[in-house]
1. Where in the stretch 91-171 are there strands (runs of 3 or more DSSP E), lying wholly inside it, with at least 2 residues that are of a type in the set (A, V, I, L, M)?
2. Tell me the helices (runs of 4 or more DSSP H) entirely within the stretch 174-236 that contain at least 2 residues that are touching a strand residue (DSSP E or B) at 6+ places or on another chain (Cβ under 6 Å).
3. Is it the case that some residue within the stretch 75-95 is touching a Lys or Arg at 6+ places or on another chain (Cβ under 9 Å), modelled with pLDDT of 95 or more, assigned by TED's automatic domain parsing to the domain that holds T207 and farther than 23 Å from T207 by Cα?
4. Of these, A220, A248, which one is in contact with a helix residue (DSSP H, G or I) (Cβ under 8 Å, 6 or more places away or on another chain) and more than 18 Å from L27 (Cβ to Cβ)?
5. Kindly evaluate D69 against the criterion of being in a loop (DSSP other than H, G, I, E, B), in the same structural domain as L37 (by TED's automatic domain parsing) and among the charged types (D, E, K, R).
Amino acid sequence: MLDKGFSSPGVAEPKLVLATDLDGTFLGGPVEARAALYDWLRAQGPQVRLIYVTGRDPAFIADLAASGDVPPPEFVIGDVGTTIGRFTGGRVEPDARLEAPIRRAWAGKAERVRTRLAGVRGLWPQPTPFRHRLSYQYDDRFQPEALRALEGLEVDILISHGCFVDILPPGISKGPSLLRLLTELKLPRERVLVAGDTLNDLSMFETGLRGAVVGGAEVALLKATHAIPTAYHCTRPGAGGILEAIVAHGLCADLPEVSV
């Protein structure tokens, strides 16, 4: 069971569950803001639970944690929601049971996607290993209409950051996978803060969980979350925005002051 050992003695429930994107969010913002957030998280111990919710793959997350520059997560939603696992022993350990519907939805599709997109101008695979998704980068030669080549395959297509295309199993993304993990761990959703900065984070804000759309976020994400009442639009970028949103949502009162 994923939740084995999750609760710590003397802690009835966490005061905060931070489920955060990495690039541009948890890893973004001025050095002072990042140091303040990371030091605060390290000081909280089991009172604050940290979940990385990212497009990055398990190998990247292991290398990031090994650097010692950031607090390691307890759990990971990786590969744009197609990996769900515990972070233990310095690596991501995917949970086969939670990933079962993802694996079934992706079965047999990778090679068909590769074949159909092989000739698309200005589109090339990202140089990273893939589990239950395929991800591409594009330049100004790329025309989104070319993705019609995937019609009939029952996949979801996510374009973000003005240069990335993710091909995902249908119905699978960061938000649904995070909800599956929160349910498994029996975590109080009213104590959860999700944080992100690009369109591949949109599904997290669509869950209705309290959110931090950090400063400097992709314009398309700002527009898409404008009418979501729980999605707080931060003025500060990256880690500073996360701290700002924790205060705005009234989740914790003992946060460090950050002047940047």
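The values are calculated or read from the model by the stated rules, or taken from the named source; none is laboratory data. Keep in mind that this is a model prediction, so the values were computed, not measured. Note that each Cβ is placed from the backbone with ideal geometry, even for glycine, and that neighbours are counted across all protein chains shown.
1. Numbers: elements: 91-94, 123-125, 134-138, 156-160, 164-168.
Ranges flagged: 156-160, 164-168.
2. 174-185, 202-205
3. Checking the stretch 75-95: at least one residue is touching a Lys or Arg at 6+ places or on another chain (Cβ under 9 Å), modelled with pLDDT of 95 or more, assigned by TED's automatic domain parsing to the domain that holds T207 and farther than 23 Å from T207 by Cα.
4. Details: A248 fails: in contact with a helix residue (DSSP H, G or I) (Cβ under 8 Å, 6 or more places away or on another chain).
Criteria check complete, one pass: A220.
5. Yes, satisfied.
Every residue, every condition in (1) in contact (Cβ under 8 Å) with a residue 24 or more places away in the chain; (2) acidic (D, E), yes or no:
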{"site": "P170", "(1), (2)": "yes, no"}
{"site": "T183", "(1), (2)": "no, no"}
{"site": "P188", "(1), (2)": "yes, no"}
{"site": "V214", "(1), (2)": "yes, no"}
{"site": "E218", "(1), (2)": "yes, yes"}
{"site": "A231", "(1), (2)": "yes, no"}
